[in-house]
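The values are calculated or read from the model by the stated rules, or taken from the named source; none is laboratory data. Source: prediction; values computed, not measured. Methodologically, a virtual Cβ is constructed for each residue, glycine included, from the backbone with ideal geometry; neighbour enumeration extends over all protein chains shown.
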Ligand code: ADP
């Protein structure tokens, strides 16, 4: 337990799946930087500031966890911050191809940086921010999937509450 790790992603918005991974990563690494990608090409529902704010709230009280944002390449951000470990999550087999390609591309670009994959608790293994946005737009109860304040923010953003 000595190294610093970086968990990058869109977090649009943070779910209990992301939070589960953050807790698992913190068991293995003494410092964890959760880095929110600007990702304009993914047309995020929430601004970077909103996504960072929700993650900060979700990780408040977790010592050693900090939340930042970054643009451009994650490996450049890692190098700049002298971080050699990237954390990514694997839910279903469907994640594998994309994650595998990304990890190997990053390895080619920055061989000194290693990607480590973590699996969430089974009950979160089907959870995705994309699906939650769809469910929220239809007014679903999201209390099993996201913290209360995230559910409120989602429904407000999608015009489901005043
Ligand atoms: P990105 O756009 O980078 O994929 P996401 O926020 O969707 O951003 O995901 C960030 C990382 O967290 C990815 O590695 C993804 O597989 C993982 N992840 C997302 N949701 C879950 C979940 N429910 N359980 C475990 N890992 C997850």
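Is one or more of the residues making up region 53-65 within 11 Å of the ligand (Cβ to nearest atom), touching a helix residue (DSSP H, G or I) at 6+ places or on another chain (Cβ under 9 Å) and at negative phi? Yes, that holds for at least one residue. Taking the criterion of being within 14 Å of residue 87 (Cα to Cα), part of a loop (DSSP other than H, G, I, E, B) and more than 9 Å from the ligand (Cβ to nearest atom), the only residue of region 1-13 that qualifies is 3.
Pairs meeting the criteria (first residue in region 89-118 and without any contact (Cβ under 8 Å) to a residue 40 or more places away in the chain, second residue part of a strand (DSSP E or B), beta carbons under 6 Å, at least 6 apart or on different chains) are 90/117; 99/88; 103/115; 114/85; 115/86; 115/88; 117/88.
Condition check: more than 12 Å from the chain's Cα centre (by Cα) and surrounded by 17 or more Cβ atoms within 10 Å (Cβ to Cβ). Does residue 5 satisfy that?
yes
A search for C-beta distances below 6 Å between a residue of region 71-84 that is touching a residue at least 24 places away in the same chain (Cβ under 8 Å) and any residue that is outside any loop (DSSP other than H, G, I, E, B) and loosely packed, with under 14 Cβ neighbours inside 10 Å, counting only pairs 6+ apart in sequence or on different chains, returns 75/109. Might you check whether a residue that is within 12 Å of the ligand (Cβ to nearest atom), under 20 Å from residue 150 (Cβ atoms) and in contact with a helix residue (DSSP H, G or I) (Cβ under 8 Å, 6 or more places away or on another chain) occurs anywhere in region 67-78? No, the conditions are met nowhere in region 67-78. Among residues belonging to region 14-42 that are part of a loop (DSSP other than H, G, I, E, B) and within 9 Å of the ligand (Cβ to nearest atom), point out the one that is surrounded by the most Cβ atoms within 10 Å (Cβ to Cβ). The selected residue is 14. Kindly list, by first and then second residue, each pair from a residue in region 36-48 that is within 19 Å of residue 58 (Cβ to Cβ) and touching a residue at least 12 places away in the same chain (Cβ under 8 Å) to a residue that is away from the ligand (no atom under 11 Å from the Cβ) and in a strand (DSSP E or B), limited to pairs with Cβ atoms under 9 Å and residues at least 6 apart or on different chains. Correct list of pairs: 36/67; 36/68; 36/69; 36/70; 37/69; 37/70; 48/69. So, residue 68, is that one touching a residue at least 12 places away in the same chain (Cβ under 8 Å), more than 13 Å from the chain's Cα centre (by Cα) and surrounded by fewer than 20 Cβ atoms within 10 Å (Cβ to Cβ) or not? No. Of the helices (runs of 4 or more DSSP H) that lie entirely inside region 43-162, those containing 3 or more residues that are at pLDDT below 95 span 93-109, 129-137, 148-157. Taken together, the criteria exclude residue 121 from residues that are surrounded by fewer than 12 Cβ atoms within 10 Å (Cβ to Cβ) and either free of Cβ contacts under 8 Å to residues at least 60 places away in the same chain or within 10 Å of the ligand (Cβ to nearest atom) (or both).
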